[in-house]
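One structure is given here, and the rest of the page talks about it.
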Protein chains: 2
Amino acid sequence: SMSYATQPSSKKLLFRQLFEKESSTYTYLLADASHPDKPALLVDPVDRTVDRDLSLVTDLGLKLVYAINTHVHADHVTGSGLIKTKVPGVKSIISKASKASADILVEAGDKIQFGDLYLEVRATPGHTVGCVTYVTGDGPDQPQPRMAFTGDAVLIRGCGRTDFQGGSSKQLYESVHSQIFTLPKDTFIYPAHDYKGFTVSTVGEEMLYNPRLTKDEETFKSIMENLKLSYPKMIDVAVPANMICGLQDLESKAA
Amino acid sequence: SMSYATQPSSKKLLFRQLFEKESSTYTYLLADASHPDKPALLVDPVDRTVDRDLSLVTDLGLKLVYAINTHVHADHVTGSGLIKTKVPGVKSIISKASKASADILVEAGDKIQFGDLYLEVRATPGHTVGCVTYVTGDGPDQPQPRMAFTGDAVLIRGCGRTDFQGGSSKQLYESVHSQIFTLPKDTFIYPAHDYKGFTVSTVGEEMLYNPRLTKDEETFKSIMENLKLSYPKMIDVAVPANMICGLQDLESKAA
Ligand SMILES: [Fe+2]
Ligand SMILES: [Fe+2]
């Protein structure tokens, strides 16, 4: 049966969703506002909107500690590198499986702590070989319902393509069904993109209404193999930049 | 001092923010998910995204009862009329002061009930003569913090223009300071538009960081009178359509 979602709620969590129009990317700001330092992190920042994001961090009196990526994006350059040049001490994060470089490389089961809150890392390869989903903690002090930052693994009524960057429709299907659809049904899904103006969904909703992921594995694979998508415009710029978490300009300056 | 926002929380409220890219308009879906009928309303629906909104209403198992407008928009056609043709029984709502026609004309102090939840109507003229702000109820069963749907009265770090549709910078300043900035500081501000990818702010945040509304009244008026904005592209189509809450096609069919 359908689970009805309210809003994620926590006495500690400060949460903001931010949108970058050109690539239709969502960036997420999370902070433990009850902690004296107000430690904060950004999930999937975009280079073009770094100034907006950092000015919000300043206005809210937060201390940014992590710039986190769900995967090596092909459609925009991550803001991680630029953020590191502007806010000393911020550490960039990406999965070890992505083979990209960053200050911290995470694996399934790792916890990313900020104040009393944390994100749990789940391996959800398939869109790319190194895709992970970050899920808020499980416990009475953590936001309820839980929140899953799924990158391009699960989009609202959709999913990321699987035809490049080590993508695999079989692997994506298995990742989503074992790592995301096993979360409580009221878990909020916050994707890396939306192209229709949706901002959030839930596990329960996508299990019922996702037009691709509700199908059996063979049908899913055949859908994904017949999408006939064009080559992404930004990929040749974005992927090399994102493999070093947006530090390409710094490197050329140092050279 | 700064109030730190978490998320609005309620055991009853189902809430979704939806974005229409061409006019950068936010539409809001609210429902009492704990009520057997799951009565729902849409704030500021856009004609172009009605099918998306209604399909979400259906997926979530809600019964849409109201299509509500904060004001007579100049930049897009309201979805109210189209919704009424697609979902029998839905009532359109706008303020009496707007002089537009709709099924229900509301005034300051009116309550719009949906299940056990309600929106309170506050008169916030200035961007247009009939602008209102809808605020979630005050009480233990209502969402906490409160949520204010401010239309174009307060935008995130901005405000609506005041140079047409009976606009008045003096009136807008007074409306915001008497009707919105008097709400609890943790009240969420959900505007009708955002052009930079922000999704939400709070009363406390705008009282500290709004670059226009934090100024004294004379400075505000002088800012507003010197914006030198161009004539809105859609105004000659949108305003007549919105004065009859988007029922223009129905009327021409009936003629
Ligand atoms: Fe991607
Ligand atoms: Fe407007």
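Worth pointing out:
- Flagged links, alpha-carbon separation over 32 Å, of B:Lys11/B:Lys86; A:Lys233/B:Lys38; B:Lys63/B:Lys99; B:Lys11/B:Lys99; A:Lys12/A:Lys99; A:Lys63/B:Lys111: A:Lys233/B:Lys38; B:Lys11/B:Lys99; A:Lys12/A:Lys99; A:Lys63/B:Lys111
- Of A:Asp53, A:Asp152, A:Asp116, the residue with the greatest mean-square motion in the GNM of chain A, using alpha carbon springs below 10 Å, is A:Asp116.
- Cα-based reach from A:Lys196 at 12 Å (exclusive), listing aspartates and glutamates while leaving out same-chain residues under 8 positions away: B:Glu20, B:Glu22, B:Asp51, B:Asp53
- For chain A, built as a Gaussian network whose Cα springs stay under 10 Å, the top-fluctuating residue of A:Asp32, A:Asp47, A:Asp59: A:Asp59
- Global form of the range B:19-160, assessed from the alpha-carbon gyration tensor, a/c cut-off 1.5: rounded
- For B:Thr58, A:Thr70, the sequence from fewest to most other C-beta atoms within 10 Å is B:Thr58, A:Thr70.
- Between copies, B:Asp103 shows label-point distances of 5.4 nm, shortest first, with the point placed 7 angstrom from Cα along Cα to C-beta.
- Point-charge dipole on Cβ atoms (K/R +1, D/E -1) for the range A:13-226, about Cα centre, debye to 20: 260
- Mean sequence separation of contacting Cα pairs (under 8 Å, at least six apart), scaled by the length of the range A:13-226, corresponds to a relative contact order of 15 percent.
- Between copies, the label points of A:Glu218, set 7 Å from Cα on the Cα→Cβ line, lie 8.0 nm apart, reported in increasing order to one decimal in nanometres.
- Here chain A has an Rg and Dmax of 17.3, 59 Å, counting Cα atoms alone.
- Fraction of beta bridges assigned by DSSP in chain B that are antiparallel (%, nearest 5): 65
- DSSP-defined beta bridges in the range A:21-140 - what % are antiparallel, rounded to 5: 55
- Beta bridges by DSSP in the protein assembly as shown, antiparallel share as percent, to the nearest 5: 65
- Choice from A:Val87, A:Val132, A:Val46 showing the highest fluctuation, given a GNM over chain A with Cα pairs closer than 10 Å: A:Val87
- Residues B:Phe220, A:Phe164, sorted so that the one with the fewest Cβ neighbours within 10 Å comes first: A:Phe164, B:Phe220
- Cα gyration tensor, the protein assembly as shown - rounded (a/c under 1.5), prolate or oblate: prolate
- Radius 11 Å from Cβ of B:Lys91, net charge of other residues (Lys, Arg +1; Asp, Glu -1): 0
Every number here is computed from the coordinates shown, using simple stated rules; none is lab data. Keep in mind it's a predicted model, so treat the numbers as computed, not measured. In this analysis, Cβ positions are derived from the backbone assuming ideal geometry, glycine residues included, and neighbour counts consider all displayed protein chains.
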